[in-house]
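This report concerns only the one structure given below.
The values are calculated or read from the model by the stated rules, or taken from the named source; none is laboratory data. Predicted, not measured: the structure shown is a model, and the values here were computed from it. Methodologically, a virtual Cβ is constructed for each residue, glycine included, from the backbone with ideal geometry; neighbour enumeration extends over all protein chains shown.
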Amino acid sequence: MNKLVRFFLIIALASAVLLFTISSLNTSQGYSGGNTLTIYNWGDYIDEDLIKQFEKETGIKVIYETFDSNEAMLTKIQQGGTTYDIAVPSEYMIDKMRHENLLLPLDQTKLPNLKYIDKRFMDLSFDPGNKYSIPYFWGTVGIVYNKKMLNGKNLTSWNDLWDPELQNEILLLDGAREVMGMGLNSLGYSLNDTKQAHLIAAKEKLDTLTPNVKAIVGDEIKMLLANEEASVGLVWSGDASEIMSENEDLDYVVPKEGSNLWFDNMVIPKTAKHIEAAHKFINFMLDPKVAAQNTEYVGYSTPNKQALKYMPKEIVNDERFYPSPALTKKLEVYDNLGKKNLAYYNELFLQFKMHTK
Amino acid sequence: MWIQMENKLTKNLYLFPYLLWIALFVIAPILLVLYYSFFDIEGNLSLINYQKFFTPVYLKMTFSSFWYAFLITAISLLIAYPTAYLLTKTKHKQLWLLLIIVPSWINLLLKAYAFIGIFGTYGAANSFLNLMGIGSQQILFTDFSFIFVSVYIFIPFMILPIFNSLNELNPTLLDAANDLGASKWTTFRRVIFPLTIDGVKSGCQVVFIPALSLFMLTRLIAGNRVITLGTSIEQHFLVTQDWGMGSTIAVFLIIIMVVIMVVTNTRKRGV
């Protein structure tokens, strides 16, 4: 019994010491007062030097936390335990958060740098009038392929994936919208199509792709493609640029039929306490020079038109990541189709997964 | 009389944490799952989920879950029984047993990722095949790799109960069988196996039931080429947010598990 009591005492003591250390560390770094800004962003999604620059310019202390999925971020903001002042969700999540009243409206008069954002990326279906969100980065869904393994063959179209030579060579993302979208696009339909006949046609077309599909995987797709486990993969452009820097034989293409256009956006969630500072930070990130530096670091595509002028030509002119206006017209943002349609997409995707070779 | 009442009172007091636990963490969740299963995706009360379960898609999924769970259990048993038998004959049996159990302390995901590396095109398994002159094969994302890794993960849970029942076996019974002229095979068939059947049963239960609802491995090792009920539940809750359908599949899984428990238990009384 004595031993047990001692055991619990030691644990209680250790916890107390750790708690004290945390709080003293926080005060020594100036995190205690009201002059702070808590940012909640994806992992490795900002140039940390810019945070230091912002702190120096404004005297505001930045607390930076990261998440790895929109859903994880949503849960934390719903719970409201931490007072996040800025979050960076993807477009479909903004639509959802907007409807659940989890976002605060932005005061655009405090964001003069908003004028630098490309008009193409403003006022989109997930947030009409940019009332709640400002685009941070954008990208596409496309095909990564290994030039060496394909002996120099070029892929340009979704339909190239149905080539019998690619037997057992394709890795797909485990996402209903992405895979069904590929089927719909290959038939010339919209990514947001909800007509049952079109969706069934897309699913049946996908079924004929199964001999070429090696696996349907999650985030492991990056590792598998970089390690040449397969020669072709359906991926997001951000992941593509990441693995292309790891393996030089990889190339990325946005198929000519069109594809998905996605956005990560800065928002001020309901949990925010430092709204003034949050606006300052958003405006700071919209500054063309800052955006250019950040884009070069992160490697995604920036929506900041003015920033492109401060970036190296080979990045700006890379049509894989900054598609030509003609192709951009064919890119579509995922609309929020509602639970029922989404369930139908998932049902068909499940049937496709169960379709045996 | 007074003491008796006090006794009863303390007894009830001791019972309280157990009952609270069962009510909060066993009965309540099952009732909640049952409750959610009666709602369609838009939150209306309906039986559509149950109707949907009896469509070819979900019946096929149920069948394939059963088939893979059966294969995993059968192969585990075939390997575990001789291993457990051998272990009881060794000198330091507890040490050998520990060595078999140690891998189960390592996180499942970590082991799955390790197998992606081993079974990959440029992994250790394929370098070995190349060395043998067989050449590279696709191992990852096949039925073989899925069953192999599942068996690897579940086998300690099969060995443990069989080992225990073999260990408790009275050796004089074997001597008696021998004295009465039974061959080794007859001794095994008529004495050893019937006396250790309880261990085999609990081993099978412990393996079959979780194997029925495996989900992470189906993506990591089988590349979604194997779809089980577990995969589907995960998808309905996390992606589609169709909690009703997810719950309905869970209800059927619970029913199936109860049936398995009841069936294996009544046979025990018969022996």
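If you go through the stretch B:224-260 and pick out every residue that is in contact with a Ser or Thr (Cβ under 8 Å, 6 or more places away or on another chain), among the β-branched types (V, I, T) and facing another protein chain (nearest Cβ under 7 Å), you end up with 1. When the test is whether a residue is in contact with a Phe, Trp or Tyr (Cβ under 8 Å, 6 or more places away or on another chain) and of a type outside the set (A, V, I, L, M), B:T142 does not pass it.
Please enumerate the residues belonging to the stretch A:228-257 that are part of a loop (DSSP other than H, G, I, E, B), surrounded by 20 or more Cβ atoms within 10 Å (Cβ to Cβ) and away from chain B (no Cβ under 14 Å). If you could, list the steps in order and put the result at the bottom.
Of the stretch A:228-257, the ones part of a loop (DSSP other than H, G, I, E, B) are A:228-231, A:245-249, A:254-257.
From the residues that got through so far, the ones that are surrounded by 20 or more Cβ atoms within 10 Å (Cβ to Cβ) too are A:229-231, A:254-255.
Result: A:V254, A:P255.
A single entry from B:I72, B:I116 fulfils the requirement of being of a type outside the set (D, E, K, R) and within 23 Å of B:L166 (Cα to Cα): B:I72.
Scan the stretch A:254-271 residue by residue and report those that are of a type in the set (K, R) and farther than 23 Å from A:L103 by Cβ. It would help to see each step written out before you state the result.
Step one: list which residues in the stretch A:254-271 are of a type in the set (K, R), which gives A:256, A:270.
Selection gives A:K256 alone.
Applying a threshold of 6 Å to beta carbon distances and a minimum spacing of six or more residues, or different chains, the list of pairs starting in the stretch A:165-187 at a residue that is assigned to a helix (DSSP H, G or I) and ending at one that is among the aromatic types (F, W, Y) and at pLDDT 95 or above reads A:M182/A:W158; A:N185/A:W158; A:S186/A:W158.
Number of residues in the stretch A:154-171 that are among the aliphatic types (A, V, I, L, M) and within 14 Å of chain B (Cβ to nearest Cβ) equals 2.
Taking the stretch A:297-344, which residues are of a type in the set (K, R) and within 14 Å of chain B (Cβ to nearest Cβ)? Let's see the steps before the verdict.
Applying the first criterion (of a type in the set (K, R)) to the stretch A:297-344 yields A:305, A:309, A:313, A:320, A:329-330, A:339-340.
If the condition is that a residue be of a type in the set (K, R) and within 14 Å of chain B (Cβ to nearest Cβ), then A:K339, A:K340 are the ones that fit.
Evaluation of B:I221 against the conditions (1) free of Cβ contacts under 8 Å to residues at least 12 places away in the same chain; (2) within 14 Å of chain A (Cβ to nearest Cβ) shows that the sole unmet condition is (1). Collect the residues in the stretch B:34-64 that are without any contact (Cβ under 8 Å) to a residue 60 or more places away in the chain, out of contact with any Leu (no Cβ under 8 Å at 6 or more places or on another chain), part of a helix (DSSP H, G or I) and within 30 Å of B:I147 (Cα to Cα), keeping them in residue-number order. B:P56, B:L59, B:K60, B:F63 - these are the residues of the stretch B:34-64 that are without any contact (Cβ under 8 Å) to a residue 60 or more places away in the chain, out of contact with any Leu (no Cβ under 8 Å at 6 or more places or on another chain), part of a helix (DSSP H, G or I) and within 30 Å of B:I147 (Cα to Cα).
Right, B:S104: surrounded by 10 or more Cβ atoms within 10 Å (Cβ to Cβ), within 14 Å of chain A (Cβ to nearest Cβ) and closer than 30 Å to A:E220 by Cα or not? Answer is no for this residue.
Between A:V179, A:V217, which is within 12 Å of chain B (Cβ to nearest Cβ), within 23 Å of A:L327 (Cβ to Cβ) and crowded, with 16+ Cβ neighbours inside 10 Å? Outline the logic, then answer.
Values: A:V217 fails: within 23 Å of A:L327 (Cβ to Cβ).
None of the others qualify; the one that does is A:V179.
Is it true that B:G135 is more than 29 Å from B:I209 (Cβ to Cβ) and within 14 Å of another protein chain (Cβ to nearest Cβ)?
Working: more than 29 Å from B:I209 (Cβ to Cβ): yes; within 14 Å of another protein chain (Cβ to nearest Cβ): no.
In short, no.
Return yes when B:F146 is in contact with a strand residue (DSSP E or B) (Cβ under 8 Å, 6 or more places away or on another chain), within 14 Å of chain A (Cβ to nearest Cβ) and either within 26 Å of B:Y68 (Cα to Cα) or of a type in the set (D, E, K, R) (or both) and no when it is not.
When the stated conditions are applied, B:F146 does not pass them.
Could you please let me know if A:K270 is within 30 Å of A:Q79 (Cα to Cα) and more than 14 Å from chain B (Cβ to nearest Cβ)? Taking the combined requirement at face value, the residue satisfies it. Among the residues of the stretch B:7-30, those that are over 28 Å from B:V251 (Cβ atoms) and hydrophobic (A, V, I, L, M, F, W, C) comprise B:L9, B:L13, B:L15, B:F16.
Restricting the first member to the stretch A:346-357 and to residues that are more than 8 Å from every other protein chain (Cβ to nearest Cβ) and over 16 Å from A:V217 (Cβ atoms), and the second to residues that are among the hydrophobic types (A, V, I, L, M, F, W, C) and surrounded by fewer than 22 Cβ atoms within 10 Å (Cβ to Cβ), the beta-carbon pairs closer than 7 Å and six or more apart or on different chains are A:L348/A:L199.
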